[in-house]
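The values are calculated or read from the model by the stated rules, or taken from the named source; none is laboratory data. Note that the structure is predicted; figures quoted are calculated from it, not measured. Methodologically, a virtual Cβ is constructed for each residue, glycine included, from the backbone with ideal geometry; neighbour enumeration extends over all protein chains shown. When the accessible area is computed, the model is the full protein with side chains, heavy atoms only, and any ligands, DNA or RNA have been set aside. Shrake-Rupley method; radii C 1.70, N 1.55, O 1.52, S 1.80 Å.
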Amino acid sequence: MKQAFGLMMCLAVLLQFGYLLAGYDAMYQIGYGAITLMGLMISLTFLWLYVQRATPLALGMAYSWSGASLVLGWWWIFALAGEPSFMAESTAHFVPLALYLSGALLHFSVIHRSFGCHGLTFVWPILGAVAVSTVIYLAI
């Protein structure tokens, strides 16, 4: 735990130094590009683990990492391309978002089973998250 926290703190400091040296735009582009590409590689690794039947979470992890990477990648490309209007409100962005949300649903399902529960009660936290998000949207 200490090593993981230390790694995170070192990366936070490194990103701050990068910001001071190269500016926000450079660090945004480099950071989003790197995590997009690393996330897709991690997703492929989890997909391989799923095919090997190595862990029950593998498919959820593959969906989550690929969805997260593609959502971040969308914003990375959006910024790189100068925020083109055709991407600003494109419904194509909902496809990687659906992949990301599917990964989350699979995670909740596996977590639910790990507690010895059965049925669709794992959907309640998901519905709660959607409800809270909707209330926040409507309140703003």
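Table for the structure above
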{"item": "Count - residues of region 88-99 that are open to solvent by less than 100 Å² (accessible area, probe 1.4 Å) and either within 21 Å of Ala34 (Cα to Cα) or of a type in the set (Phe, Trp, Tyr) (or both)", "result": "4"}
{"item": "Filtered residues of region 68-77 (kept if of a type outside the set (Val, Ile, Thr) and open to solvent by 30 Å² or more (accessible area, probe 1.4 Å))", "result": "Leu70, Leu72, Trp74, Trp75, Trp76"}
{"item": "Members of region 100-117 found to be surrounded by 10 or more Cβ atoms within 10 Å (Cβ to Cβ) and not hydrophobic (A, V, I, L, M, F, W, C), listed by number", "result": "Tyr100, Ser102, Gly103, His107, Ser109, His112, Arg113, Ser114"}
{"item": "Verdict on Leu21 being part of a helix (DSSP H, G or I), open to solvent by 80 Å² or more (accessible area, probe 1.4 Å) and not acidic (Asp, Glu)", "result": "yes"}
{"item": "Flag if Leu120 is of a type outside the set (Phe, Trp, Tyr) and either open to solvent by less than 60 Å² (accessible area, probe 1.4 Å) or assigned to a helix (DSSP H, G or I) (or both)", "result": "no"}
{"item": "Residue check, Leu127 of a type in the set (A, V, I, L, M, F, W, C), open to solvent by 40 Å² or more (accessible area, probe 1.4 Å) and within 26 Å of Tyr50 (Cα to Cα)", "result": "no"}
{"item": "Identity of the residue in region 46-63, assigned to a helix (DSSP H, G or I) and open to solvent by less than 70 Å² (accessible area, probe 1.4 Å), that ends up nearest to His107 (Cα to Cα)", "result": "Gly60"}
{"item": "Among the residues listed as His112, His118, the single one being more than 28 Å from Gly39 (Cα to Cα) and at pLDDT below 95", "result": "His118"}
{"item": "Matching residues, region 82-106, being more than 17 Å from Ala68 (Cβ to Cβ) and of a type outside the set (A, V, I, L, M, F, W, C)", "result": "Gly82, Glu83, Pro84, Ser85, Glu89, Ser90, Thr91"}
